[in-house]
């Protein structure tokens, strides 16, 4: 849905494509998948196609969780594991 707009897509899909993150979570950085207990960094969705596809699938399934406070530590506290893209980003920051 992120790449095209056509029949069956709504205004929320158009807005999501423009801003690069789901409209419900425009002020959140982390979004968890309740099915797999994996947390995604929405800031990485624009640069990593795997994250973008996973977030699109997650939004379609409606099995997502937001965290308060919106931190990776809180996601881990709730039992969510960071997606490999987060691990790569953290490793590159440390280097």
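Things to note:
- Nearest-0.05 FRET efficiency for residue 92 and residue 26, computed from C-beta distance (R0 30 Å): 0.75
- Global geometry of the stretch 29-94, whether rounded, prolate or oblate, following the gyration tensor of its Cα atoms and the 1.5 cut on a/c: oblate
No value in this document is a laboratory result; all are computed from the given coordinates. Note that the structure is a prediction, hence the values are computed from the model and not measured. Here the Cβ is made from the backbone with ideal geometry for all residues, glycine too, and neighbour counts use every protein chain on show.
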